[in-house]
Structure formats: C-alpha cells, structure tokens
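Read the figures in this text as sums done on the coordinates, not as results from a lab. Since the model is a prediction, treat every value here as computed from it, not as a measurement. Glycine also receives a Cβ, built like all others from the backbone with ideal geometry; neighbour counts cover every protein chain displayed.
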Amino acid sequence: MKLVSYKTEDREHLGVYIKGHIYNLNSCDKLIPDSMNEFLWGGPELMEHALRVNEDLLSGKLTGKEELFYELIAPVPHPSSCRDGYAFRQHVAAARRNRKVDMIPEFDQYPIFYFTNHNAIQGPGEIECMPDHFEKLDFELEVAVVLNKIGRNIKAEDADSYIAGYMIMNDMSARTLQMEEMLLNLGPAKGKDFSTVIGPWLVTPDELEPYKVEAKPGHTGNTYNLQMKCAVNGIEVSSGNMADMDWTFAEIIERCAYGCDVLPGDVIGSGTVGTGCFLELNGTGLLNDANYQPQWLQPNDLVEMEITGLGVLGNIIKKSEIEFSILKLKK
C-alpha cells in the first residue's frame, strides 16, 4: 500500500495511491483519520483498516472518493522527530579515503545518528534555498522509515514491527556551512536544517516482501534489494542499493530507543548510500584526476531520486530572493 498526504484548498488529507489515482481514506472508512499524524498514532489497528480499504479499492469492491485537484506534500508532513543514520559503510569509507584518513573502526561497532530539523520536512516540488546554501549545495540519496508504535529499549529483533513504512529521503546539505561548524566538533546544524525531503509516498512493508534479502553477516533486521538512483537535470549521477546497508533500520531503532521513547511519526533516515552525494563523488573524482571539475546543485536544477518500489521523488531547486548571509557574519 502507498499512503500519501496531500492538500486541497490548503487543507491536509490522508490518501492511498492506486494506479495513478489518489483516494481519500477517511471517505472510505470513517475510522481512519484524515491526517497522517493521527493515523500513525492509531498504530497497527488503523493500518489494518487502511490495508483493507486498499484491497477493496484494488478489487473494485469499493468505489472511493478520487481526488482530482490536489497538491502532493511530504507523506509524513509533521514528524514527531527526524533522525538520520550512517548505515552505508561504502559511503563512509569513500568519504574518509577522499580526505586521506583511515576508515574509523567504530563504524563497525555501533550505529549512529543525528537529529535534524523535523520542521523543515518537504515533499515533491520546489525547494527554496538561501544564498549561503548554494555554497556547495548537495543532495543525499537515502531511504527513510516512519514509526507507528511507541517504544523504549526496543531490541533489534523486535524493531521492524515498529516500522509503518518506507520512503525516499533527500537529506539536503549546504556543505560550506556544514564543514565550518563541524570544525568545532558539534553538528551538523545549519548545513542541514533548511530542508529534508521525503516522498513521494509511504510504502508499507508488505509491498516490499518480494525484495527482502538477508542482512549482512552479524546484523539483525529486514533489508531489501532496492536499486537507488539519483539524476540531476536528467543525467544519472548516483547509483546504489538499499541491500548495501551495513546497519539495518532495526539496529538503528534499537539505538534510538535506548533509554528514551520513540514515537509514532518519528522519521529515521538510513544515511547516504555509496556514491549518493556530490561531496563523495567530487572527492573521488579529484582523488583520481587533479583536473576533475566538482559539481554542486545550482538554481533551477531538477533532482530526481528513484528507488525500486518506493517511486520517484522530484524537486526543483530555487534561489530565495532574500540576500541575507550568515557566512558573512563571521568575526
């Protein structure tokens, strides 16, 4: 099942995406709230209601309210929180190699994550960026999950049951801001807090069963053979696979929930897949060729991310008319 959030006349709704059409779930089953947040707080019980509606719409048993005029927004438009992991060894190793430092052994000992700005979540469409963001503006190709159960001290072997579904994530990054602030060993903050993009819909785990594969040796939890790609202005720049995750979402959730509650509506990203950002690609290019021309996102660029089973997430990068710069405020 593909769940969506959308707007009609500035009001948000919850729907299901079927064969190119969106149907309002609340109009099909009044027990299902008309917002994603309320739906996620309803946990597995409401998910079962939605799955039955989806099946009835597919079979023709039910004729739902099809939306004709709508604006697709982030499937989880108001997360309870947003964490981003660091699960792909290939990306971490390449980034460190490009900086001419050894692979950090702690990567293989425990999964890590950082909190990003859950109020800066966006979906398909335009992304407005400030002038400082265009100082080495980058995409990051990731998978994300959202939870629909409350939990604390969850073990990895139980953690997949907390996942309501999977989405594409683009963890937008302003690299100059990010690298400057992280010299102080704190962050990332301003380099990340302006936009995190998820979408186009939330895909429930049952749809990904045909793609399930074994986790890497020594790891616990579900993972899937999902091809991941990113194109900028129609040119493919990144290619990877979700099956290359070293740390699983189950293991990341285990760490997230240690000594604190995780909540319905919490969004958790995988971290960047190998080759999944210009920072890594530029570093590798310069390492192999001193004349390599680095690339960064520019105003009016079209960024399209595609992941098997999860759809295509498209965004156009726009430059704000505001000229204010915090980089110029340095003492």
Rough spin-label spacing in nm, given labels placed 7 Å along Cα→Cβ, for Tyr110 and Ile322: 3.8
Longest exposed-site-free window of the chain, the sites being chymotrypsin sites (Phe, Trp or Tyr not before Pro) in a DSSP loop that have at most 12 other C-beta atoms within 10 Å: 70-257
Spatially close lysines, pair count over region 81-322: Cα under 20 Å, gap of eight or more or interchain: 10
Of the trypsin sites (Lys or Arg not before Pro) in region 31-71, those whose Cβ has at most 15 other Cβ within 10 Å and which sit in DSSP loop: Lys61, Lys65
Relative contact order computed over the chain (Cα-Cα under 8 Å; 6+ residues apart), in percent: 23
Model label zone, Leu263; criterion: amide N under 17 Å from point 7 Å along Cα-to-beta-carbon; scope region 68-90: 76-84
For peptides 259-265, 146-152, sequence by mean Cβ density within 10 Å, most packed first: 146-152, 259-265
Stretchable slack from Ser27 to Asn119, in nm (0.36 nm times residue separation minus alpha-carbon distance): 30.3 nm
Cut-off 12 Å, label 7 Å out along Cα→Cβ of Gln298, residues of region 204-246 by amide N: 233
Hydrodynamic radius by Kirkwood, which averages 1/r over all alpha carbon pairs of region 217-329, in angstrom: 17.1
Fully extended contour minus Cα-Cα distance, from Val213 to Glu126, at 0.36 nm per residue: 27.8 nm
Rounded, prolate or oblate (a/c below 1.5 giving rounded, otherwise prolate when a/b exceeds b/c) for region 2-73 by Cα gyration tensor: oblate
Fewest-first ranking of Met182, Met1, Met36, using other Cβ atoms within 10 Å as the exposure measure: Met182, Met1, Met36
Calculated FRET value between Arg11 and Ser81, using beta carbons and R₀ = 25 Å, to 0.05: 0.50
Computed E for Leu62/Asp158 - FRET, C-beta separation, R0 35 angstrom, nearest 0.05: 0.55
Computed over region 273-331, Cα set: Rg, Dmax in Å: 15.9, 49
Residue-span extension gain [Asp34 to Ala189] - 0.36 nm each, minus C-alpha spacing: 52.5 nm
Sum of -39500 (n - 2.57) over DSSP H runs of 4+, divided by residues of the chain (222 nm, nearest 500): -5500 deg cm²/dmol
D_trans [Stokes-Einstein, Kirkwood Rh over alpha-carbon pairs] for region 137-257, 37 °C, 0.692 mPa s, µm² s⁻¹: 205
Loop GluC sites (Glu not before Pro), region 174-253 (other Cβ atoms within 10 Å of the site Cβ: 12 or fewer; DSSP): Glu214
Least to most buried among Asp29, Asp102, Asp206, Asp132 (fewest other Cβ within 10 Å first): Asp102, Asp206, Asp29, Asp132
Dipole of the chain, positive direction: furthest Cα of Ile104, Phe39, Tyr6, with charges on the beta-carbon: Ile104
